[in-house]
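A short worksheet on the structure shown next.
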Amino acid sequence: MRLTILLLFAFLMGVNAQNNYEISGKITAEGEVLPYANIYIETTTKGSTTDENGLYSIKNLEPKTYYVTAFFAGYTPQKKKVDITNANVTLNFNLNYNKSLDEVIISGTLKPVSRLESPVPVEVYSPTFLKKNPTPNVFEALQNVNGVRPQLNCSVCNTGDIHINGLEGPYTLVLIDGMPIVSGLSTVYGLSGIPNSLIEQVEVVKGPASSLYGSEAVGGLINIITKLPENSSRFFADGFVTGWGEMNLDVGFKAKVSEKANVLFGTNYFKYDNPIDNNNDNFTDVTLQDRISIFQKWDFKRASNRKFSVAGRYFYEDRWGGELQWNKNYRGGDEIYGESIYTSRFEILGNYQLPMTEKVNLQFSYSDHDQNSVYGNMPYLAQQRIGFGQLIWDKTVNKHDLLFGTALRYNYYNDNTTATITADEVTIPSLFIQDEIEFTKKQSLLLGVRYDYDSRHGSIFTPRLAYRYKPTDTDIIRLNAGTGFRVVNLFTEEHAALTGARDVIIQSELQPEESYNINLNYLKKLYLNNGMYFTFDTSAWYTYFTNAIIPDYDTNPNQIIYDNLDGYSTSKGLSFNIDAVFGSGISASIGATLQDVSQTENGERTKQILTEEFSGVWSLSYKNYATNLTFDYTGNLYGPMRLPLLGDLDPRDEYSPTWSVQNIQATYDGFDNFEVYGGIKNLLNWTPNKGNPFIIARADDPFDENVQFDGNGDVIATPDNPYALTFDPAYVYGPNQGIRLFFGLRYTLK
């Protein structure tokens, strides 16, 4: 009996020993011990945290192969494979600083610089940000950027633009790889089709940037930077579907064509052909679309690491919205109302460093945009061609970082409306110079001026000043001031209004719109000993506009009258962002903007239409390493904005309510090369028709066949039209798409 007990005790001790092995070690960073760093074993719930000496231990492990990962906020995670056989294992880690925390940017100064060293505040958004709320285009992806709002301008065709700090879309310049090729017609329909999988980062500059980029950069700019072939995956595919029947697919690959040439290829396809009318007005709630975009980028290796890259994109889209009975047989007719747009567009852009001792780059782009569209029974056929080239000389002399540049922009526009009797064609040459002076490591000053000559308006000067003070390594204060200008392209920005029989009246010789801006920015990075870090970013701005051009549709219903504002307009506000990385895979961000945008004429001050007084965005992410699951919760909030009514009898609300769109997503990345994701968009099922009798005015009479007018052209109230309205799809301030599920799959071959 005693022998049996001893044998049983020995057996139990052996079993216990098999599960009592330990992995221990030290975690350092750049040679220094790293306290409070996290460590875990994949596919298990086991993990630990280092003590104040950087030491850790994980106990009660059975013999097998493990994958152990160490991570700490601000450093790149490190994974190691370890085999436990019959002994404890010592496993040490040395983490490297994550350089993505100090991103390289180019939008602020036209040259690659550290974000923390740039005198111009630039916000940077990575592909990780885009994946938190997958969208079929960049236009929608920007909805969670603080102070940036994608604005829909038509309930039927879903035209849109991007507002920055409350300013209308034409004041925002959109660049691709630093080239201003998304403008004019393409600001309405050309923001789609840029494959999100090809984006390296998105840079946002708020406030005038005309001294570097010329016209259209009055309110700010958005620079979409695509990946270099060498930094891309060998093959990637990303597709998702939604409960509304939307389908989006990104596919691409890179290839080494020769020892000196690499190519990156990508394509985006989006299709939505499921008419839905949840608000029961017999009109599609969302425009139906069939879109394809093909992108190529070539990178060539040259002597002395000189740059040479060329990229091209082709875009085709067929979209329509209107009455549910509409099909292409009714296109352009007056029986069933529909708005149908065919868009064909190609772009080419490149960057070539000249073969000389000095650092001189030639940048160039060309775009050709053809639009065949009908709005009801009104055809709108338009073509636009934009050519752009600039030479940039980057020169450093002692403490002066100099940039000299000359640019030439060619713009051609023509359409079939009475507004364009002959094609609008202009070439604008430019010169600019910039000097960034480094007084000390803590202080620098940037001075710049740009000269443009427009044959229609003469000489235009735009100076700028930017001061950076860095009292500590984690505190930065920036003060920016300058002027901006915008040459108004009437016929591209107001093309929907020009599809009718209205005469365009230009009251006087239009002068370029001018702005004067000052912006104060403070950025603080805070690193805590427990592994958490925070980034605080706050800004205050004031912009004063002269010569603003606002179309007048009210004085005469048969005319559109254009003239410079006899007064001024202003945009002022505050914005605040907090980004935080906590331990245990939790990260979060929150931002808020308060703004006041108004115009004053003849002593009367009015708020700008479709401009919210406050807005907010947020995101919360949790990565559970044991289960390979990531959860993302994103959302935005917008305060009331004044809406475009048709008259005193219009029963729709003059101001929008406070509204919010929120989304959740779960992602599983436990498979080799694969990610599976899914979730719910618009959790609150918010749509702009809630609380209103209707969104589209007189949706039952889209051709105004039963509308009566008096001798002055004003609408008469009748029993059939008690509110004295005409057909109007412009009363829209947010996406008219309710709650929906989505599911997606990503494949990446490194």
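The values are calculated or read from the model by the stated rules, or taken from the named source; none is laboratory data. Predicted model, so just to flag it, every value in this text is computed and none were measured. Neighbour counts are summed over all protein chains in view; Cβ atoms, including those assigned to glycine, are modelled from backbone coordinates with ideal geometry.
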Ser293: within 30 Å of Ala730 (Cβ to Cβ) and either touching a strand residue (DSSP E or B) at 6+ places or on another chain (Cβ under 8 Å) or of a type in the set (Lys, Arg) (or both), yes or no? yes
Please go through the range 39-70 and pick out each residue that is surrounded by fewer than 18 Cβ atoms within 10 Å (Cβ to Cβ), under 42 Å from the mean Cα position of the chain (by Cα) and of a type in the set (Val, Ile, Thr). Thr43, Thr44, Thr45, Thr49, Thr69
Residues of the range 651-661 being closer than 30 Å to Pro722 by Cα and either part of a strand (DSSP E or B) or free of Cβ contacts under 8 Å to residues at least 12 places away in the same chain (or both), in sequence order, are Tyr655, Trp659
Qualifying residues in the range 416-432 (those that are buried (at least 16 other Cβ atoms within 10 Å of the Cβ), in contact with a Leu (Cβ under 8 Å, 6 or more places away or on another chain) and over 19 Å from Gly387 (Cβ atoms)) - the one modelled with the lowest pLDDT: Ala419
Restricting attention to the range 230-245, report how many residues are within 15 Å of Ser309 (Cα to Cα) and either within 15 Å of the chain's Cα centre (by Cα) or buried (at least 22 other Cβ atoms within 10 Å of the Cβ) (or both). 1
From Glu200, Glu216, which residue is within 23 Å of Glu347 (Cα to Cα), modelled with pLDDT under 75 and in contact with a helix residue (DSSP H, G or I) (Cβ under 8 Å, 6 or more places away or on another chain)? Glu216
Within the range 450-460, track down each residue that is surrounded by 12 or more Cβ atoms within 10 Å (Cβ to Cβ) and either under 18 Å from Ile518 (Cβ atoms) or not aliphatic (A, V, I, L, M) (or both). Arg450, Tyr451, Asp452, Tyr453, Asp454, Arg456, His457
Within the range 246-253, is there a residue that is over 17 Å from the mean Cα position of the chain (by Cα) and in a loop (DSSP other than H, G, I, E, B)? yes
Return only the number of the condition from (1) in a loop (DSSP other than H, G, I, E, B); (2) assigned by TED's automatic domain parsing to the domain that holds Gly647 that Gly744 does not satisfy. (1)
Of all residues in the range 286-345 being among the hydrophobic types (A, V, I, L, M, F, W, C) and under 29 Å from Thr687 (Cα atoms), which is surrounded by the fewest Cβ atoms within 10 Å (Cβ to Cβ)? Leu324
Kindly provide the set of residues from the range 377-434 that are of a type in the set (D, E, K, R), farther than 30 Å from Ser340 by Cα and within 28 Å of the chain's Cα centre (by Cα), ordered by number. Arg409
Extreme residue, modelled with the lowest pLDDT, among residues of the range 142-171 that are part of a loop (DSSP other than H, G, I, E, B) and among the hydroxyl-bearing types (Ser, Thr, Tyr): Thr159
Assuming Ile664 fulfils every condition listed in (1) surrounded by fewer than 13 Cβ atoms within 10 Å (Cβ to Cβ); (2) without any contact (Cβ under 8 Å) to a residue 40 or more places away in the chain; (3) under 30 Å from Leu198 (Cβ atoms) apart from one, which condition is it? (1)
Kindly provide the set of residues from the range 686-699 that are in contact with a strand residue (DSSP E or B) (Cβ under 9 Å, 6 or more places away or on another chain), surrounded by fewer than 16 Cβ atoms within 10 Å (Cβ to Cβ) and not charged (D, E, K, R), ordered by number. none
So which residues in the range 254-270 are surrounded by 17 or more Cβ atoms within 10 Å (Cβ to Cβ) and either under 21 Å from the mean Cα position of the chain (by Cα) or farther than 16 Å from Phe295 by Cα (or both)? Gly266, Thr267, Asn268, Tyr269, Phe270
When the range 719-732 is examined, which residues are found to be closer than 15 Å to Leu646 by Cβ and either loosely packed, with under 10 Cβ neighbours inside 10 Å or not small (Gly, Ala, Ser) (or both)? Asn721, Pro722, Tyr723, Leu725, Thr726, Phe727, Asp728, Pro729, Tyr731, Val732
Select, from Val241, Val310, Val257, the only residue that is assigned to a strand (DSSP E or B), aliphatic (A, V, I, L, M) and modelled with pLDDT under 95. Val257
If I filter the range 588-626 down to residues being among the hydrophobic types (A, V, I, L, M, F, W, C) and either touching a residue at least 40 places away in the same chain (Cβ under 8 Å) or in contact with a Gly (Cβ under 6 Å, 6 or more places away or on another chain) (or both), which single residue comes out as farthest from Pro644 (Cα to Cα)? Ala626
Residue identified as over 13 Å from Asn94 (Cβ atoms) and at pLDDT 85 or above among Thr65, Thr49: Thr65
Let me confirm something: among Asp648, Asp632, which residue is farther than 15 Å from Pro729 by Cα and surrounded by 20 or more Cβ atoms within 10 Å (Cβ to Cβ)? Asp632
Please find, within the range 617-627, the residue that is nearest to the chain's Cα centre (by Cα) out of those that are in a strand (DSSP E or B) and surrounded by 17 or more Cβ atoms within 10 Å (Cβ to Cβ). Val617
Got a sec? Which of Thr284, Thr343 is over 18 Å from Ile224 (Cβ atoms) and either at pLDDT below 95 or not assigned by TED's automatic domain parsing to the domain that holds Gln390 (or both)? Thr343
Give me the residue from the range 435-447 that is part of a strand (DSSP E or B) and of a type in the set (S, T, N, Q) and, out of that set, farthest from the chain's Cα centre (by Cα). Gln443
Looking at the range 129-184 only, could you name the residues that are buried (at least 22 other Cβ atoms within 10 Å of the Cβ) and touching a His at 6+ places or on another chain (Cβ under 6 Å)? Arg149
